[in-house]
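Any read-out appearing in this document is the output of simple, stated calculations on the displayed coordinates, not a laboratory observation. Everything numeric in this text was worked out from a predicted model, so none of it was measured. All Cβ positions, glycine included, derive from the backbone under ideal geometry; neighbour counts span all protein chains shown.
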Amino acid sequence: MRGETRTFARPNCKALLVSKICVKTPQVATVARGVMMQNRATGSRLRWFMSAKSGLAALAVITTGLALATSAAAGADEGAFTQRELSLLQKGELVERRVKEERNGLRLIGGTSWQVIDAPAEVVWRAVLDTGHYHRFLPQVREAKLLQEQGSKRIVRLSHGGIVGPSYAIAMHIDEVRHHVAFKLDATRPHDIRAAWGFFDLRPYGEKRSLLTFGVKADIGDGLFSALLRNQVHTWMMKVPWLAKRFIEGSGRYIYGYQPAQQTQAAR
């Protein structure tokens, strides 16, 4: 059922509203189905996050972060996609919703962003799991190193360039069936930021295209450089799906061995 596309001969907005989205096209139906499946996946993500054993204080922060990330994952919880957002998605442009808040002593920045990518879901999924190429679509990442892998769980260390150049490890939980990755800061390892958690979610969007969703909440710290760069960091963290699009539709097509749908149609 994940990513199922349905075509309606005579759209009825009252009958077909899914989280306030009037389903009139196969692409929008796919988005609506994705929102429903993300809500169903909440239980499994919560069970994984609650298994962390890093102390009661850390557990409280992570649990709060999960609730925020889950709300962002659903997307429509804060009013569904607007007509403008749906139009941007159809055009292949980035849709983003930024948030700033203070919670449990953390100064959080982040939000959720969506991007349609001209590549099949299986190709985009390979890129999402390709640690060796994270520097191509995670902003300012100089190096990404896989530290540990066991079943559906990974520990990856990310080292950033730039003036501050923070380094930290993230714990990832990978759901191959739903094409969903949940991640959080591994506070048991050295880290230069205070907190971070989020997700990648992927589903088909029409023929040979995909909708990549990225959600994140992070506290990058209170140092002088962090304070000066906070807005810039916020801007670029929301562009992750757009950067992934540039990479996958560019050199990624040679790395992952596929031809973009637009080029395939042009060749015909």
What's the ranking of 137-150, 175-188 by average number of surrounding C-beta atoms within 10 Å, highest first?
175-188, 137-150
What nm distance separates the two modelled labels at SER87 and GLU149, each placed 7 Å from Cα along Cα→Cβ?
4.4 nm
For segment 79-156 and segment 178-248, what is the separation of their Cα centres, given in Å?
5 Å
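Return a single number: how many Lys pairs in segment 114-268, at a sequence separation of 8 or more or on separate chains, have alpha-carbon atoms below 14 angstrom apart.
Values: LYS153/LYS184; LYS184/LYS217; LYS208/LYS245; LYS217/LYS239.
Lysine pair count for segment 114-268: 4.
Starting from 0.36 nm per residue, how many nanometres of slack lie between THR131 and ARG103 once their C-alpha separation is accounted for? Mind showing how you got there, number by number?
Numbers: separation 28, 0.36 × 28 = 10.08 nm, distance 3.08 nm.
Going from the current span to full extension adds 7.0 nm.
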Would you mind putting 207-213, 245-251, 84-90 in packing order, based on average other-beta-carbon counts within 10 Å, highest first?
207-213, 245-251, 84-90
Taking the radius of gyration and the Kirkwood hydrodynamic radius from Cα positions alone, what is the Rg/Rh ratio for segment 78-198, to two decimal places?
0.98
